[in-house]
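Down below is the structure, laid out as structure tokens.
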Amino acid sequence: MTDEFRVLSPTAILGYGFPESSFRKGMERKPHLIAVDAGSTDPGPYYLGAGKAFTNRAFVKRDLRYMLREGVKNNIPVVVGTAGGSGASVHLEWCRQIVLEIAAEEKLSFKMGVIPADVSKETVKKALGEGRITPLACVPELTESLVDETTYLVAQIGPEPIIEALKAGCNVVLAGRCYDPACFAALPIMLGYDEGLALHMGKILECAAIAATPGSGADCALGILKKDSFILEALSPKRKFTCESAAAHTLYEKSDPYHLPGPGGAINLENCSFTDIGDGRVEVRGSRFEPTPRYLIKLEGARSIGYRSISIAGTRDPIMIGSIDQILAEVKAHIKEMSPEDDRSEQLFFHVYGKNGVMGQLEPLATTSSHELCIVIEALCPSQDEADTLCSVARSTLLHYGYAGRISTAGNLAFPFSPSDIKMGNVYEFSVYHLMDPAGEELFKPIIEDI
Amino acid sequence: MKRSILEAAKVIRSKNAGPFELTFDIIFKDREYFELFKSQNIVNPELIAKLYKIDVSDVLGIVWFAPANAVKATIKRPLASGAPGETDIYGAQQHAPLLEIEF
């Protein structure tokens with residue numbers, strides 16, 4: 001174990017980009033590891049369910065090219081967590097293909113570990129039957145049919161499989177769905193650094209310069225792990241870490257900033273301190289890792305719930321705006337009346353921007369003072385044809401609906417586009433978001449290949 | 001005379017904490033404002049429930065986090081992120097009612 005272990009985090013999400021100057025400055029600091037988090041559930045269930053990346057391929061390749069070129073040339077391990085955005089096998093393969101392209105173009109050769117994070121439906125159903133599955137807060141109970149309907153089912157892996165790949169001599173590790181801090185923490189934990197500090201540092205580095213001030217999702221950050229602390233450093237002269245920026249980031253996207261749960265345990269920050277040590281650097285102490293009695297992993301899965309079509313329109317009529325809720329309710333009723341055996345009112349949504357389009361049922365203001373409204377008509381049906389039909393009928397009905405007090409009789413909606421209706425394709429929802437006790441079974445093994 | 005929270009806070013934000021929870025952060029300008037709000041328990045489950053017209057039981061927790069001079073409130077998402085009827089996948093624009101808090 002050396003005195004310090006330096007980790008370069010180029011960007012908040014692989015494919016978000018970073019300035020070349022910051023990356024160069026990071027490389028001048030001679031990092032021991034270049035690691036990046038490549039995913040999130042934040043963009044919603046579609047990307048996991050459909051097996052698609054939410055980042056742009058060209059820019060993922062651009063970011064990875066810098067990392068691989070410098071990492072392989074200087075013999076610095078490169079670790080990517082949650083490859084392809086959602087980290088299922090299809091996403092992992094997408095990212096692997098990009099790596100292979102870069103390796104060929106740049107004439108790089110290295111040993112690569114690829115770690116699938118998929119969990120088979122049989123494994124999950126067996127665990128369900130044995131009572132080893134528990135829902136996270138606010139999540140419905142898991143059922144066998146939900147498991148069956150799930151298209152991609154992954155677990156957030158911890159540092160262990162990454163350590164296994166690094167121990168096998170991999171210069172490059174691509175992990176499927178991964179606990180965000182794990183890709184940063186695996187190597188230092190393997191080398192004997194404190195797990196709590198390594199994971200907490202990873203928790204901050206996974207968002208790179210978002211935790212600096214001014215924050216940026218497209219800039220690099222450096223973490224320096226020591227025996228009893230870690231130091232955060234920005235790599236652009238435009239930004240710095242402050243105690244407040246680092247501490248504030250600890251709150252981000254978490255329900256309890258003192259206890260950050262992950263695979264096998266939680267980071268406890270009750271005794272954590274942040275100290276400004278000058279030159280835009282912050283030193284963090286006191287973060288502890290507390291293992292849970294059983295090693296639990298978080299499962300994530302999404303299933304298809306149908307197909308969507310939308311139409312975007314506006315209204316500038318004060319009479320219509322004044323009774324918009326009633327008009328939309330009447331339009332729904334009218335559509336139901338046209339095909340009473342085929343009630344689709346539950347499949348039709350009106351997003352009314354200028355009123356409550358952003359907050360929906362959480363919107364506290366009952367009335368609108370907008371002089372114009374945007375209405376997004378959304379049809380969500382079992383098939384694309386049905387969604388197209390419902391969207392079209394809702395659009396034409398609303399366009400010519402004779403509401404009470406109407407004096408503008410030529411049409412109720414202004415459409416910015418022709419065609420007015422857009423097919424949105426398959427729609428997914430999160431079907432699995434549960435903890436599983438793997439009962440000691442080792443589910444995630446690196447596949448090692450020579451490139 | 002009541003003062004607006006905008007005098008005391010420098011960050012007021014909302015975000016998903018996973019797809020099933022929505023979390024609010026209020027980061028105060030300094031330790032004094034943090035202590036003032038904390039000692040008077042100004043941010044509490046009843047207030048959050050009132051601002052968002054939800055049941056108090058859907059307010060999952062309030063945590064005062066001194067290292068960041070911040071208070072965090074977490075609620076059950078009315079819909080899971082991306083579920084039918086969704087309006088804000090990331091949950092990043094649900095903070096406005098908090099701007100009405102006074103002290």
Inset, instruction - Find the helices (runs of 4 or more DSSP H) located wholly in region A:88-171 whose residues include 2 or more that are within 23 Å of A:HIS32 (Cα to Cα) and in contact with a Lys or Arg (Cβ under 9 Å, 6 or more places away or on another chain), and list them. - result: A:89-106, A:159-167
Inset, instruction - Go over the candidates A:GLY81, A:GLY39, A:GLY51, A:GLY71 one by one and state the one that is in the same structural domain as A:GLN156 (by TED's automatic domain parsing), in contact (Cβ under 8 Å) with a residue 60 or more places away in the chain and either of a type in the set (Asp, Glu) or on the phi > 0 side of the Ramachandran plot (or both). - result: A:GLY51
Legend entry - Number of the exception - A:VAL60 against (1) in contact (Cβ under 8 Å) with a residue 60 or more places away in the chain; (2) buried (at least 19 other Cβ atoms within 10 Å of the Cβ): (1)
Legend entry - Failed item in (1) surrounded by 12 or more Cβ atoms within 10 Å (Cβ to Cβ); (2) among the hydrophobic types (A, V, I, L, M, F, W, C); (3) not assigned by TED's automatic domain parsing to the domain that holds A:ILE102, with A:LEU443 passing the rest: (3)
Inset, instruction - Check whether at least one residue in region B:51-74 is among the hydroxyl-bearing types (Ser, Thr, Tyr) and free of Cβ contacts under 8 Å to residues at least 40 places away in the same chain, and report yes or no. - result: yes
Legend entry - Members of region B:51-64 that are surrounded by 14 or more Cβ atoms within 10 Å (Cβ to Cβ) and either more than 14 Å from every other protein chain (Cβ to nearest Cβ) or of a type in the set (Val, Ile, Thr) (or both): B:ILE54, B:VAL59, B:ILE62, B:VAL63
Inset, instruction - With the condition kept exactly as written, say whether any residue in region B:37-50 is crowded, with 17+ Cβ neighbours inside 10 Å and at the interface with chain A (Cβ under 10 Å from one of its Cβ atoms). - result: no
Inset, instruction - State whether the residues of region A:109-117 include one that is crowded, with 24+ Cβ neighbours inside 10 Å and of a type in the set (Ser, Thr, Tyr). - result: no
Inset, instruction - Please go through region A:18-39 and pick out each residue that is part of a loop (DSSP other than H, G, I, E, B) and surrounded by 20 or more Cβ atoms within 10 Å (Cβ to Cβ). - result: A:PHE18, A:PRO31, A:ALA38, A:GLY39
Legend entry - Selection status of A:THR315, at pLDDT below 95 and touching a helix residue (DSSP H, G or I) at 6+ places or on another chain (Cβ under 7 Å): no
Legend entry - Number of the condition not met by B:ASN44 [criteria: (1) among the polar types (S, T, N, Q); (2) within 26 Å of A:ILE375 (Cβ to Cβ); (3) out of contact with any Asp or Glu (no Cβ under 7 Å at 6 or more places or on another chain)]: (2)
Legend entry - Lone unmet requirement of (1) in contact with a helix residue (DSSP H, G or I) (Cβ under 6 Å, 6 or more places away or on another chain); (2) more than 10 Å from every other protein chain (Cβ to nearest Cβ) for B:ALA73: (2)
Inset, instruction - Could you please give the count of residues in region A:254-284 that are under 17 Å from A:PRO181 (Cβ atoms), surrounded by fewer than 19 Cβ atoms within 10 Å (Cβ to Cβ) and touching a residue at least 40 places away in the same chain (Cβ under 8 Å)? - result: 2
Inset, instruction - Within region A:402-424, identify whether any single residue is in contact (Cβ under 8 Å) with a residue 24 or more places away in the chain, under 30 Å from A:THR41 (Cα atoms), of a type outside the set (Lys, Arg) and within 14 Å of chain B (Cβ to nearest Cβ), and answer yes or no. - result: yes
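Residues checked against (1) over 30 Å from A:VAL427 (Cβ atoms); (2) of a type in the set (Asp, Glu):
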{"site": "A:ILE133", "(1), (2)": "no, no"}
{"site": "A:GLU149", "(1), (2)": "no, yes"}
{"site": "A:PRO159", "(1), (2)": "yes, no"}
{"site": "A:LEU166", "(1), (2)": "yes, no"}
{"site": "A:VAL173", "(1), (2)": "yes, no"}
{"site": "A:LEU191", "(1), (2)": "yes, no"}
{"site": "A:GLU206", "(1), (2)": "no, yes"}
{"site": "A:ALA218", "(1), (2)": "no, no"}
Legend entry - Unmet criterion (only one of (1) touching a residue at least 40 places away in the same chain (Cβ under 8 Å); (2) in contact with an Asp or Glu (Cβ under 8 Å, 6 or more places away or on another chain)) for A:ALA185: (1)
Inset, instruction - Go through region B:28-52 and give me each residue that's outside any helix (DSSP H, G or I) and over 27 Å from B:GLU86 (Cβ atoms). - result: B:PHE28, B:LYS29, B:ASP30, B:GLN40, B:ASN41, B:ILE42, B:ASN44
Inset, instruction - Looking at (1) at negative phi; (2) surrounded by fewer than 23 Cβ atoms within 10 Å (Cβ to Cβ), find the lone condition where A:ALA182 falls short. - result: (2)
Inset, instruction - Name the one entry in A:SER236, A:SER216 that is touching an Asp or Glu at 6+ places or on another chain (Cβ under 8 Å) and in a loop (DSSP other than H, G, I, E, B). - result: A:SER236
Inset, instruction - Could you figure out which of (1) assigned to a helix (DSSP H, G or I); (2) crowded, with 20+ Cβ neighbours inside 10 Å isn't true of B:SER81? - result: (1)
Legend entry - Selected residue (criterion: nearest to B:LEU99 (Cα to Cα)) from residues of region A:344-397 that are touching a Gly at 6+ places or on another chain (Cβ under 6 Å) and within 10 Å of chain B (Cβ to nearest Cβ): A:HIS351
Inset, instruction - Tell me, yes or no, whether region A:55-65 has at least one residue that is under 13 Å from the mean Cα position of the chain (by Cα) and closer than 16 Å to A:TRP94 by Cβ. - result: yes
Inset, instruction - Filter region B:1-33 for residues that are of a type in the set (Asp, Glu) and more than 10 Å from chain A (Cβ to nearest Cβ) and give the result. - result: B:GLU7, B:GLU32
Inset, instruction - Hey, could you check region B:76-93 for residues that are at the interface with chain A (Cβ under 7 Å from one of its Cβ atoms) and of a type in the set (Gly, Ala, Ser) and say which is nearest to A:ALA246 (Cα to Cα)? - result: B:SER81
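Yes/no matrix, rows are residues, columns are (1) within 14 Å of chain B (Cβ to nearest Cβ); (2) charged (D, E, K, R):
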{"site": "A:LEU48", "(1), (2)": "yes, no"}
{"site": "A:ASN56", "(1), (2)": "no, no"}
{"site": "A:ARG62", "(1), (2)": "no, yes"}
{"site": "A:GLY71", "(1), (2)": "no, no"}
{"site": "A:ILE102", "(1), (2)": "no, no"}
{"site": "A:LEU108", "(1), (2)": "no, no"}
{"site": "A:LYS111", "(1), (2)": "no, yes"}
Legend entry - Residue check, B:ALA96 more than 11 Å from every other protein chain (Cβ to nearest Cβ) and either at pLDDT 95 or above or crowded, with 20+ Cβ neighbours inside 10 Å (or both): no
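The values are calculated or read from the model by the stated rules, or taken from the named source; none is laboratory data. Keep in mind that what you see is a predicted model, and the values were worked out from it rather than measured. Neighbour counts run over all protein chains shown; Cβ positions are idealised from the backbone, glycine included.
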